[in-house]
Amino acid sequence: MASMASRAAAVTITNAALDKPSHGSSVEPTSRISMAVAVDVSKFESVTMAPPDPILGVSEAFKADSSPLKLNLGVGAYRTEELQPYVLDVVKKAEKLMLESGEFKEYLPIEGLAAFNKATAELLLGADNPVIKQGRIATVQGLSGTGSLRLGAAFIQRYLPGVKVLISSPTWGNHKNILNDSGVPWSEYRYFDPTTVGLDFSGMIEDIKNATDGSIILLHGCAHNPTGIDPTAEQWGTIADVIEEKSHLPFFDVAYQGFASGSLDNDASSVRQFVARGLELFVAQSYSKNLGLYAERIGAINAVVSSSDVANRIKSQLKRLARPMYSNPPVHGARIVANVVGDPSLFDEWRSEMQLMAGRIKGVRQSLYDALSSVDENGKDWSFILKQIGMFSFTGLNKNQSDNMTDKWHVYMTKDGRISLAGLSLAKCEYLADAIIDSYYNVK
Ligand code: KET
């Protein structure tokens, strides 16, 4: 504050000197006067403080906590049993190869690295999928899952203006932000049933049926975030029936391929089932979680459509949207993915590391369930935790209870009751169970 005041004073003196007309000066008096105003009153006084992000803000709060007990179960990021960030061995190998071959750093084309786009479409649909041979897929490299969804939303805003996107209730919170900022209207379909702590399948089907024909239905390809509850293969079939009947456009968000079952192929089966029926659809992909490339921002937006001609035109328009937003995407993560997916031995190694990560999460899931069941004197059935899949558990804790988890127990989590099991170790399961039992029974 003191330095601000003296700066303002100095400017005032300058202005006094400038009261006399001063010909030949390169600085016009008016600009000096506006400088004084700029120091005292910002042009941005009306800018209010934005609230912290409900997910990434949790990591910021975690960092600021000095308690040795603290546990970050907020963001969905995989940690080792020692709760350290993890770089996959296969990623390190791919990076070593890249360094040795002395890759360039020139701009990529707007649509991204060709080898990546090929690899990502093949990973999604299966390399021998006829859609790929027929050229009925437009793939554009995006800035991870978020950027790819954003590009897809920008395309919807431009080419399907006013068409509503239906999102699950609940969903990953950023879906709403992405659609809002893209100017795309949305509403929700029922998904989670708190009484059964399972899927509200009839509600979901009814809401998709009741939507205006030709709506867009945003679906989590696997490992639904935040609930950890996916439709069965048969239920996916029924969802596809209704979507087809109503001429809706499915838009899949595939951010956890490999993390639901541990198998990259199984986890793409929902999308593949829809594609096999001949439906047109959009798919956003992310390599943040399954290859641990969070900060590399690597993913893709894919449009599977009825002809290669339409695919080419869509791709050209996606490029046109990307160019003024970020010009062209970053290359490093794209090369890692292309190398890992494109090399049979690296790909095998990835698959086993993927199973290792998914397996560790299943282990802590079981151990948390065991701990809760043994600590809980009221005998509540906690088995829903075992039924949920993927990185998260949706505990059913409300906002006050979640606040108690953080304020009293230093357990950082999102306020919707979601915990990331990827950030939990076996050693911390009992502590977490104590925190959950206290919050569940002692806070309303
Ligand atoms: N879709 C879903 C469903 C999702 O959970 C995430 C990330 C993304 C897309 C995008 O991830 P990206 O890193 O842009 O590829 N979710 C975790 C991180 C976040 O909120 O950004 C999370 O839910 O914790």
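The values are calculated or read from the model by the stated rules, or taken from the named source; none is laboratory data. Quick caveat, the model's predicted, so the values are computed rather than measured. Glycine gets a Cβ as well: all are built from the backbone with ideal geometry, and neighbour counts include every protein chain shown.
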Of all residues making up the stretch 268-282, the number that are farther than 16 Å from Gln257 by Cα and in a strand (DSSP E or B):
1
Matching residues in the stretch 283-309 (of a type in the set (Ser, Thr, Tyr) and either more than 9 Å from the ligand (Cβ to nearest atom) or in a strand (DSSP E or B) (or both)) number 4
Checking Lys246, Lys289 in turn, the sole residue that is in contact with a helix residue (DSSP H, G or I) (Cβ under 7 Å, 6 or more places away or on another chain) and farther than 21 Å from Arg136 by Cβ turns out to be Lys246
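So if I check each of Lys415, Lys380, which one is under 15 Å from Val75 (Cα atoms) and of a type in the set (Lys, Arg)?
Details: Lys380 fails: under 15 Å from Val75 (Cα atoms).
Selected residue: Lys415, the only one of Lys415, Lys380 that is under 15 Å from Val75 (Cα atoms) and of a type in the set (Lys, Arg).
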Looking only at residues that are within 24 Å of Gly135 (Cβ to Cβ) and among the aliphatic types (A, V, I, L, M) in the stretch 245-277, which one is nearest to the chain's Cα centre (by Cα)?
Val254
Could you check how many residues of the stretch 193-238 are more than 19 Å from Phe282 (Cβ to Cβ), of a type in the set (Ser, Thr, Tyr) and modelled with pLDDT of 95 or more?
4
Would a scan of the stretch 172-182 turn up a residue that is within 15 Å of the ligand (Cβ to nearest atom), in contact (Cβ under 8 Å) with a residue 60 or more places away in the chain and among the hydrophobic types (A, V, I, L, M, F, W, C)?
yes
Of the residues Ser327, Ser288, which single one is in contact (Cβ under 8 Å) with a residue 24 or more places away in the chain, surrounded by fewer than 21 Cβ atoms within 10 Å (Cβ to Cβ), among the polar types (S, T, N, Q) and closer than 18 Å to Phe116 by Cα?
Ser327
Count of the stretch 130-163 residues which are under 24 Å from Gln273 (Cα atoms) and assigned to a loop (DSSP other than H, G, I, E, B)
3
Quick check on my filter: what residues within the stretch 265-280 are touching a helix residue (DSSP H, G or I) at 6+ places or on another chain (Cβ under 7 Å) and within 16 Å of the ligand (Cβ to nearest atom)?
Ala268, Ser270, Val271
Only one of (1) crowded, with 17+ Cβ neighbours inside 10 Å; (2) of a type in the set (Phe, Trp, Tyr); (3) more than 13 Å from Arg335 (Cα to Cα) does not apply to Phe116, and that is (3)
